């Protein structure tokens, strides 16, 4: 029944008037401007929470848009440094033009990494749809082999190939964000069963710890968080070896408990004018998040609702 509710919520999103979607999305986004993102990160930092900032707008159609994305990230990095925020950035290679021209994407990525290097700020390269998986991993390996250690990658546990990717990256002892995955993929390359996805998630985290990786555990799934906490305890992983990551505005009670228990927690802070496409796409592509958010909103109006 829960999964049917999730799918129903996701399916109706494109029919919802834009102002209503905006009200729905405001809790989960910093806003449209860099100033709003900085203010959001400042509030999180004041509560002992780290942040990673994302400039919305990965689906670009022209080289000028890729250049604008790179410029926006340079401005974000300058702001993080100037405001002394505890924050990193998260980038999508599609937003830098890799689907238009790989050479263009390399040039834009070099600009972003140069700005990050000047300020000593970590950069996470997001994982996108399966058509970009190999190219994304190739870019990441090239950067690491060039000596760029302040760069991380993302692996998605719903992909059947993920454990092979974990093994292939082991020699780099990579800094990895492990997520379930949000893109709609064919069943032959991606698990559909939640138990299989969660099992692969835990196996990936376990193997990454064994390889000496720093692991960002990105999930709102309470059972999965409990399972990874038990794994951390069994492996005796120090707090400096991992962090939990969550979306802005989601599972805040869990976030507060993790911070209170001394765990490192980072919140994903998206901002930009492309908020509508981001909101509809992300929630439609992942019905479980759409349903989770809807239930979360309902809880705010109905005390005690679970």
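Taken together, the values in this text are just the output of simple stated rules run on the coordinates, not laboratory data. None of these values were measured; they are calculated from a predicted model. Cβ: placed from backbone, ideal geometry, glycine included. Neighbour counts: every protein chain shown.
Quick notes on this structure:
- Order of 246, 50, 163 under a 10 Å beta carbon neighbour criterion, fewest first: 163, 50, 246
- Exposure proxy order (Cβ contacts within 10 Å, fewest to most) of 111, 273, 61: 61, 273, 111
- Given R0 = 45 Å, the distance between the Cβ atoms of residue 253 and residue 189 translates into a calculated FRET efficiency of 0.85.
- Ordering 133, 71, 52 by the number of other Cβ atoms within 10 Å of each residue's own Cβ, fewest first, gives 71, 133, 52.
- Global geometry of the range 92-203, whether rounded, prolate or oblate, following the gyration tensor of its Cα atoms and the 1.5 cut on a/c: prolate
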